[in-house]
1. Go through the residues of region 137-147 one by one and say whether even a single one is assigned to a strand (DSSP E or B), touching a residue at least 60 places away in the same chain (Cβ under 8 Å) and closer than 16 Å to residue 224 by Cα.
2. If I go through region 180-202 residue by residue, how many of them are crowded, with 16+ Cβ neighbours inside 10 Å, outside any helix (DSSP H, G or I), of a type in the set (A, V, I, L, M) and out of contact with any helix residue (DSSP H, G or I) (no Cβ under 6 Å at 6 or more places or on another chain)?
Amino acid sequence: MKTIQPKSQESAPKEGNGPESGEPPLEQARPLKGRIHFSAAIAGLPVGVTAVALAALQPKVAVLLAGLAVLLGATGSGAGRAKVRYMGNAGLVLGLIGITAALILPQSTPSSWTPNTFEEPFVAWIGKEAPDFTLRDTEGNTWSLKELRGKRVFFAYWGTRCPPCIKEIPHFRSLVDSMPADSFQILGITTDPPPTLEHFTTVMDFNYPIISLATQREALITPYTKVRALPTLMVISPKGRFEAIRVGGLPDGQLAALAHGQA
C-alpha cells in the first residue's frame, strides 16, 4: 500500500500587502510626515470656516481660530498629494480671511441682548459710526466726539425728575473714580434747563460733565434725537462706533461691564 505523505504545513508567503505578506500594512508604510499633512489639511477647513463665521460676533475668538487655521493650512499645503495640498491651501486662505474680517468688521449685537420696545429703533445703529457732536457743559466747557476718540464714552441721558436716573448717578461716579481718565468718559445729557440743574448738580456732587440740551438741541442729529425714555445710555467705542444702547436703569455690574467694552 502506497503511503501518502501529508503536505507540509508551511506554505510560501502570499503575494500582496498585509499581515501574511511579510510587509507592513499600507497604513504603517505611509510616512508619518504625510499623515501629519493630511490631518492638518482636513482639520484646517472647518476651523477656518468657523473663524470666518465668528468674525463679527466674537472677534477675539475668531482671531485665535483663524490663526490655528492658518497654521493647519500651511502644514497641509506641504503635502505630496494635490488634493491634500488644495485642502491645506483652502484652510490657509480661510484663516487669513477670518483674521482680516475679525479686525475690520464691527462687532455685531450680542445674541444675549434682547432689545426692549424703546431700544428697538437703535438696533440698526450698533456697530455703526456715531455722528460727531460739539456740546457745551454747564461749566462752559466744549465737548466733541472727535476729540474724545480713543476713549469709551458713556452718552448718558437723564433727568432730575427721573428716579432710575438718580439711582444710576452714584454708579457713574464710582466708574469715573475707578476707570483710567485717558480711556473713559461720561457725559450726562439732559433737557432740564441750567437754572434747574444748578442746585441739583451741587447736591449730587457730579464728578463728570453735565450737558443741558435746553439751548442747544440743534447740535445733535439722529440717532441722538430719537431718545424717547429715560434713562438712556449710548456707549461709544474708542473707535467712535456705537457699542451698545440701553434704555432703562442698569445695575452697577452691567454698567461696569459696558465700561470695559463687554456689551
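1. Yes, region 137-147 contains a residue that is assigned to a strand (DSSP E or B), touching a residue at least 60 places away in the same chain (Cβ under 8 Å) and closer than 16 Å to residue 224 by Cα.
2. 2
Read-outs throughout are calculated quantities, based only on the coordinates presented, and are distinct from any laboratory measurement. These figures come from a predicted structure and were not determined experimentally. Every residue, glycine among them, receives a Cβ derived from its backbone with ideal geometry; neighbour counts consider all protein chains shown.
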